[in-house]
Amino acid sequence: IADDNAVNRFLLRKSLERIGHEVVDVFSGPEAVSAVRHSTGDQFDAVIMDLNMPDGDGLSAAKELSLDPGIKAVPIIALTA
């Protein structure tokens with residue numbers, strides 16, 4: 001989960017953990033890109049990312065992830081208020 005709003009991250013993390021998912025949450029698009037790049041194997045089944053974050057928006061991060069040949073294709077789910 002990449003979202004600059006701590007409450008949104010908390011609520012989404014708890015919802016996903018309740019149904020059995022392991023969650024990594026970060027504050028910004030660049031942090032999301034870094035987490036996916038530094039993951040091992042198939043660690044991420046999906047990336048849930050806010051579109052509007054002050055430290056690097058979700059659209060730019062999604063584009064960077066999709067264009068990186070070293071990253072396994074992973075679904076990116078956009079969040080927006």
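Here are a few things to note about the model shown:
- In loop segments of the range 1-61 as defined by DSSP, there are no chymotrypsin sites (Phe, Trp or Tyr not before Pro) with at most 13 further C-beta atoms inside 10 Å of their C-beta.
- Share of carbon and sulfur in the accessible heavy-atom surface of the chain [1.4 Å probe, %]: 55 percent
- Karplus 3J(HN,Hα) series, Hz, for the range 22-39 with 6.51 cos²θ - 1.76 cosθ + 1.60 (x for Gly, Pro): 8, 10, 10, 10, 9, 8, 8, x, x, 5, 5, 4, 4, 4, 5, 4, 9, 7
- Computed over protein heavy atoms with a 1.4 Å probe, the accessible surface of the chain works out to 64 Å² per residue.
- Choice from ILE48, ILE71, ILE19 with maximal GNM fluctuation in the chain (Cα, 10 Å cutoff): ILE19
- Taking the convex hull of Cα positions in the chain, its mean projected area over all directions (nm²): 4.8 nm²
- Largest GNM mean-square fluctuation across GLY56, GLY29, GLY20, computed for the chain with C-alpha springs under 10 Å, falls on GLY20.
- Distant-in-sequence amide contacts of VAL26, defined by a placed amide H-H separation under 5 Å and a gap of 5 or more residues or a different chain, comprise ALA2, ASP3.
- In order through the range 7-18: 3J(HN,Hα) via Karplus (6.51 cos²θ - 1.76 cosθ + 1.60), integer Hz, x for Gly, Pro: 5, 4, 4, 4, 4, 5, 4, 4, 5, 5, 5, 4
The values are calculated or read from the model by the stated rules, or taken from the named source; none is laboratory data. What you are looking at is a predicted structure, and each value in this text was computed from that prediction instead of being measured. Quick reminder, even Gly has a Cβ in these numbers, built from the backbone with ideal geometry, and neighbours come from all protein chains shown. Side chains included, ligands, DNA and RNA excluded: accessible areas come from the protein's heavy atoms. Shrake-Rupley method; radii C 1.70, N 1.55, O 1.52, S 1.80 Å.
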